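Some notes on the structure that comes next.
Every number here is computed from the coordinates shown, using simple stated rules; none is lab data. Nothing here was measured: the structure is a model prediction, and the numbers come from that model. No Cβ is skipped: glycine too gets one built from the backbone with ideal geometry, and neighbour counts run over all protein chains shown.
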Amino acid sequence: MKAFLRLVKIEHSVFALPFAYLAALTAMRIHHGGRVAWKELVLVTVAMVGARTFAMAANRIIDRKIDAQNPRTADRELVTGVVSVRSAWTGALVALAVFLGAAALLNPLCLYLSPLAVIPLVVYPYAKRFTDFPQAVLGIAQMVGPAGGWLAVTGSFDGFWPAFVLSLAVGLWIGGFDLIYASQDAEVDRRIGVRSVPARFGVAAALHASSVVHAVSFGLFVWFGVLTGFGWLWWIGLALAAVAFVYQHAIVSPADLSRANRAFFTANGFVGIALFVLALADLVFLQGLRV
């Protein structure tokens, strides 16, 4: 079990889960009379963890032969045999069943849309085989979290526009920082035939594209705050996120990617936590969300 949890990087839930919560809690404030529906929040948590676990396990299974050819990933559990392919598939299918079950318990719309949520999760690991833009597919996959959190509460697309803006912001944010992460493998990817923006267009172009994408993402976070009437605590969170955005781009360059992991994990983990904590405080203390 410990090896499987390492395989799926369970700690990386810090990137997507806070924004599913943010969407769900904002929808509760708008559509539920300002009261937290704890059952729905628990089911959102179960659905998100199930979907993300399935996605990571499927990714590792599909990419295990590619991982074996890359020195950076050659020690992953499926490559070394610490976790068998059969065990990984078992874990993936259990996680998928958990996700579908949580979607069914939420509302009919979530159940009907759940297969559409799964598709980009499976397509993403294959994307590097047929497109130079797999980060775009990753971004689409990550949009599912905030959209799902909102629909879990509302059960319909009425008033969905703020959720779409937030989902697009999160998708661009995660796709943007994956451009930095993928830059570490540009040379190896070219050699083994893996496609990506850094491998096709170069590391400098990928880092520049990441900066542009993150600027757009930040603008969308601002727009979400305006659409939903967030107060000054949200804007403090955005200011802190802006510092983290600038920091992660300042510590990497085409000539020095040694701090890419710090940019990927530390800075972006901080963005997710800071935005959620300040948004939660805003919802509770300024907007009257009742817990």
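With the cut-off at 1.5 for a/c, could you classify segment 154-253 from its C-alpha gyration tensor as rounded, prolate or oblate? Numbers along the way, then the final one.
Numbers: a/c = 3.81, a/b = 1.81, b/c = 2.10.
Cα axes put segment 154-253 in the oblate bin.
HN-Hα J couplings of segment 41-50 from phi, Karplus 6.51/-1.76/1.60, θ = phi - 60°, integer Hz, Gly and Pro as x?
So the Karplus estimates, Gly and Pro as x, are 5, 5, 5, 4, 4, 4, 5, 5, 5, x Hz.
If r is the Cβ-Cβ distance from SER156 to TYR126 and R0 is 25 Å, what FRET efficiency results, to the nearest 0.05?
Values: r = 32 Å, r/R0 = 1.29.
Calculated value: 0.20.
What list do you get for TRP173, TRP232 if you sort them by fewest beta carbons within 10 Å?
On the way: TRP173 27, TRP232 10.
Lowest to highest Cβ neighbour count: TRP232, TRP173.
At 7 Å along Cα-to-Cβ for each site, give me the label-to-label distance between GLN69 and LYS2 in nm.
3.3
Starting from the Cα of ILE62, move 7 Å in the Cα-to-Cβ direction to define the label point; list residues of segment 101-131 whose amide nitrogen is under 19 Å from there.
Backbone N within reach: 114-131.
Would you mind getting me the FRET efficiency between TRP38 and ALA239? Use the beta-carbon distance for r and R0 = 30 Å, nearest 0.05.
Numbers: r = 31 Å, r/R0 = 1.02.
Computed FRET efficiency for TRP38 and ALA239: 0.45.
I'd like the distance between the alpha-carbon centres of segment 24-60 and segment 215-253, rounded to an integer number of Å.
22
Going by how many other Cβ atoms sit within 10 Å of their own, how do THR45, THR154 line up, fewest first? If you can, show how the numbers build up before the last one.
On the way: THR45 17, THR154 20.
Fewest-to-most Cβ neighbours within 10 Å comes out as THR45, THR154.
Note down the nm distance, to one decimal, between modelled labels 7 Å out along Cα→Cβ at ALA215 and at TRP89.
4.7
Could you sort out which of LYS2/LYS39; LYS2/LYS65; LYS9/LYS128 sit more than 24 Å apart by Cα distance in this structure? Please report the intermediate quantities before stating the final value.
Working: LYS2/LYS39 28 Å; LYS2/LYS65 22 Å; LYS9/LYS128 20 Å.
Over 24 Å Cα-Cα: LYS2/LYS39.
Using a basic spin-label model with each label point 7 Å from the Cα along Cα→Cβ, how many nm lie between VAL291 and LEU105?
According to this spin-label approximation, the distance is 2.2 nm.
Which label marks the calculated value of Rg and Dmax of the Cα atoms in Å, given the options (1) 25.5, 85; (2) 19.6, 60; (3) 18.8, 56?
Here Rg and Dmax of the Cα atoms in Å agrees with entry (3).
Which of GLY81, GLY229, GLY272 ends up with the largest GNM mean-square fluctuation for the chain, with Cα atoms connected below 10 Å?
GLY81
Any chance you could run the full-extension gain for ALA205 through HIS31? It's 0.36 nm times the residue separation minus the Cα-Cα distance, nm to one decimal.
On the way: separation 174, 0.36 × 174 = 62.64 nm, distance 4.31 nm.
58.3 nm is the gain from fully extending ALA205 to HIS31.
What ranking of PHE245, PHE133 emerges when the number of other C-beta atoms within 10 Å of each C-beta is taken as an exposure proxy, fewest first?
Ascending number of Cβ neighbours within 10 Å: PHE133, PHE245.
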